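The values are calculated or read from the model by the stated rules, or taken from the named source; none is laboratory data. Please read these numbers as outputs of a predicted model, since none were measured by experiment. Because the Cβ atoms are built from the backbone with ideal geometry, glycine has one as well, and the counts that use them run over all protein chains shown. Heavy atoms of the whole protein, side chains included, go into the accessibility calculation; ligands, DNA and RNA do not. Shrake-Rupley method; radii C 1.70, N 1.55, O 1.52, S 1.80 Å.
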Amino acid sequence: MKTAIVIGAGPAGLMAAEELALAGLQVTVAESKPSPARKFLMAGKSGLNLTKDEPLKDFIAAFPDASPLLRDILSGFGPEEVKVWAQSLDQEIFTGSSGRVFPKTMKASPLLRAWMLRLNNLGVALRTRMRWDGFEGTGVSFDTPDGREVVTADVTVLACGGASWSRLGSDGAWSAILDEACVPFKPANMGFERVWSDHMQRHFGAPVKPVGLHCGSQAVKGEFVVSSRGIEGSGIYAVSREMRDGADLFLDLMPDLDMQKLQARLDKPRGKNSLTNHLRKSGLSPVKIALLREIGSDFSAAAIKHMPLSHDGPRPMDEAISVAGGVRFDGLDQGLMLKSHPGVFCAGEMLDWEAPTGGYLISACLATGRHAGRAAVEWMQNRGHPQS
Ligand SMILES: Cc1cc2nc3c(=O)[nH]c(=O)nc-3n(C[C@H](O)[C@H](O)[C@H](O)COP(=O)(O)OP(=O)(O)OC[C@H]3O[C@@H](n4cnc5c(N)ncnc54)[C@H](O)[C@@H]3O)c2cc1C
């Protein structure tokens, strides 16, 4: 029987394992942590956003600078396929108002349980506490509780994740092994540092919403949170790529009012109201007023609708939801096989792509895992001999 080893038990690795097992290979998934898919489970804590229900063209456009290969892969396994896949695991799903797709339970654990059972029924073996630490002859070597172990398989799929939330397993240490094949990591979907004046303290934890965020070519309406460390939350993540790459951030603190209507509100007689009360009555929340004060604003309609907010750079990469960088696409063939290591395929967040939150990340991990698994089967059938 032909054998496969999949390294990393996140969504990408499990998807690859399933494809390999369906093709009749004897599959072992090797995972460094004591249990599988810890980041996937964490993703479910705030609502597991599996994909985005939108036309494929828009879905793919959310992956900036995606290689033609990644576009092809996403075309073959996009939002529709992700939904069907989740349903095949008996997960009821729903689409929220923003098009985000979630399991009805919102959590990842029921889905993961069903998936692990299905993999088990397909004969996939899971070995935990196996830390991949390099190549050895025709095999891959692991640091295990019983010492070093070398495993040789007909095909190998690497799905070790990105380089954030290292306590959940994806520490990016593998990039030292693949060195030449990698682009340096950068944080993606992350918060930013900002040192605040004392008066901001009472607003820590307060959501700024609704707010328009404009940064470079990005413009979104959403919300974010002011924290002791700076600014974070979905609205910031949505423009974080442009912010990281140096574009200035501007806020529209009253995105539902045009300039004239806002001006009319501000022009209303103040009477005995303090400026703060007047601004509150005009619709600005305390945290928005505090932000305007923080930047020394003149509280004009123009300033409220176009407020610059500077920052001191991204929060540490380990806190980021995801990362950019990783295995470069030009080091891979059409099957996501490393050109430098025939028979070794890569999938998931360890590949050099980036996307916003909103279900794009898990979708792309599933899609690339499926593609790598299928390509590994095809490669093995065509070559018909163990990797060299
Ligand atoms: C708080 C949070 C919330 C998120 N929410 C969402 C969401 O709602 N929707 C969404 O689309 N995305 C979300 N994401 C992102 C998503 O979870 C990841 O993009 C996805 O899990 C990546 O899948 P992966 O299989 O590529 O890697 P991972 O899930 O990181 O799995 C990689 C696995 O490989 C193992 N590994 C690493 N190195 C080795 C080694 N050397 N040897 C053996 N094993 C190794 C790790 O332990 C890990 O289990 C969220 C992320 C975070 C942190």
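Observations on the model:
- Candidates are the residues of the stretch 27-55 that are among the polar types (S, T, N, Q) and touching a residue at least 60 places away in the same chain (Cβ under 8 Å); the one that is surrounded by the most Cβ atoms within 10 Å (Cβ to Cβ) is Thr51.
- Filter result for Met317 (among the aliphatic types (A, V, I, L, M), more than 16 Å from the ligand (Cβ to nearest atom) and within 22 Å of Ala163 (Cα to Cα)): no
- Top-ranked residue in the stretch 168-218 [being open to solvent by 60 Å² or more (accessible area, probe 1.4 Å) and at pLDDT below 95; ranked as farthest from the ligand (Cβ to nearest atom)]: Ser217
- Single unsatisfied condition, Ala355 versus (1) within 23 Å of Glu180 (Cα to Cα); (2) at pLDDT 95 or above; (3) of a type outside the set (Val, Ile, Thr); (4) assigned to a loop (DSSP other than H, G, I, E, B): (1)
- In the stretch 200-219 there is at least one residue that is touching a Lys or Arg at 6+ places or on another chain (Cβ under 8 Å) and free of Cβ contacts under 8 Å to residues at least 40 places away in the same chain.
- For the stretch 117-140, taking the residues that are aliphatic (A, V, I, L, M) and crowded, with 18+ Cβ neighbours inside 10 Å, the one that is nearest to the ligand (Cβ to nearest atom) is identified as Met130.
- Some residue of the stretch 90-107 being in a helix (DSSP H, G or I) and open to solvent by 20 Å² or more (accessible area, probe 1.4 Å): no
- Check on Asp58, of a type outside the set (Gly, Ala, Ser), exposed (fewer than 14 other Cβ atoms within 10 Å of the Cβ) and within 19 Å of the chain's Cα centre (by Cα): yes
- If you go through the stretch 255-295 and keep only what is among the small types (Gly, Ala, Ser) and under 35 Å from the mean Cα position of the chain (by Cα), you end up with Gly283, Ser285, Ala290.
- Residue that is modelled with pLDDT under 95 and more than 13 Å from the ligand (Cβ to nearest atom), where the choices are Ser88, Ser97: Ser97
- Of Ala320, Ala376, all but one fail to be modelled with pLDDT of 95 or more, open to solvent by less than 10 Å² (accessible area, probe 1.4 Å) and in contact with a Pro (Cβ under 8 Å, 6 or more places away or on another chain); the exception is Ala320.
- Of the residues making up the stretch 280-335, those that are of a type outside the set (Lys, Arg), part of a loop (DSSP other than H, G, I, E, B) and within 30 Å of Thr368 (Cα to Cα) are Pro316, Ala320, Ile321, Asp333, Gln334, Gly335.
- Pairing residues of the stretch 288-306 that are free of Cβ contacts under 8 Å to residues at least 12 places away in the same chain with residues that are part of a loop (DSSP other than H, G, I, E, B) and among the hydroxyl-bearing types (Ser, Thr, Tyr), at Cβ distances under 7 Å and at least 6 apart in sequence or on separate chains, gives Ala303/Ser297.
- Residue in the stretch 336-344 that is assigned to a helix (DSSP H, G or I) and within 16 Å of the ligand (Cβ to nearest atom) present: no
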